[in-house]
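I have placed the structure first, in the form of structure tokens, so that the comments after it can refer back to it.
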């Protein structure tokens, strides 16, 4: 009788512990990365770029405070969303990041892959100014802070592979496109930096 009481108590304790574990796991929020133009995070995940650190295993996790450009990650940490474990994304690498070839004024379909779609405010796309310093980490002063493309979802949930047709702004040489996916009902957004070269 004593043995069965002990077993019963152990089962109850185990059940309570497992309930605590399952109920303490946070809800899955949105996660994703850009693959057209290919982002730094995606190049790291593909192995095209080495010495990337943790981002090679989770290109979808570049998540920081929303509200860019008035709020959000600090200057110099925009590509990593201010996350220390992804700091390699902020390093210009002396211009060694692979680029996607684009042309001024061309029609272009920007693409994301969302590993966990979530209710969305919008997607916005920014590009560096002509004459920006490509040898320094990305700052707001290097960007045209008026997005050249905005896709409003107003709280709707996107597909897992959303596509956003737009027009590439007029530029020459090497530039950086910052894509910002703002989540509707959390305090965060996802940041992706893509290096492009205007032919």
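The values are calculated or read from the model by the stated rules, or taken from the named source; none is laboratory data. Keep in mind that what you see is a predicted model, and the values were worked out from it rather than measured. In this analysis, Cβ positions are derived from the backbone assuming ideal geometry, glycine residues included, and neighbour counts consider all displayed protein chains.
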Would you mention how many residues in the range 112-159 are part of a loop (DSSP other than H, G, I, E, B) and touching a helix residue (DSSP H, G or I) at 6+ places or on another chain (Cβ under 8 Å)? 8
Being crowded, with 16+ Cβ neighbours inside 10 Å and touching a residue at least 40 places away in the same chain (Cβ under 8 Å) is true for just one of 109, 99, 139, 115. Which residue is that? 99
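Rundown of residues vs (1) touching a helix residue (DSSP H, G or I) at 6+ places or on another chain (Cβ under 7 Å); (2) at pLDDT 95 or above, yes/no style:
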{"position": "23", "(1), (2)": "no, no"}
{"position": "54", "(1), (2)": "yes, yes"}
{"position": "66", "(1), (2)": "no, yes"}
{"position": "76", "(1), (2)": "yes, yes"}
{"position": "90", "(1), (2)": "no, yes"}
{"position": "93", "(1), (2)": "no, yes"}
Assess whether residue 109 counts as being closer than 22 Å to residue 165 by Cα and touching a helix residue (DSSP H, G or I) at 6+ places or on another chain (Cβ under 9 Å). no
Pick from the range 163-193 the residues that are over 14 Å from residue 131 (Cα atoms) and touching a helix residue (DSSP H, G or I) at 6+ places or on another chain (Cβ under 7 Å): which of them is surrounded by the most Cβ atoms within 10 Å (Cβ to Cβ)? 192
Among residues of the range 78-88, those that are surrounded by 21 or more Cβ atoms within 10 Å (Cβ to Cβ) and either out of contact with any helix residue (DSSP H, G or I) (no Cβ under 7 Å at 6 or more places or on another chain) or farther than 14 Å from residue 192 by Cα (or both), counted: 2
With respect to residue 120, is the statement that it is out of contact with any strand residue (DSSP E or B) (no Cβ under 6 Å at 6 or more places or on another chain), at pLDDT 95 or above and surrounded by 12 or more Cβ atoms within 10 Å (Cβ to Cβ) true? yes
So which residues in the range 160-196 are closer than 23 Å to residue 55 by Cα and assigned to a loop (DSSP other than H, G, I, E, B), if there are any at all? 160, 161, 162, 186, 187
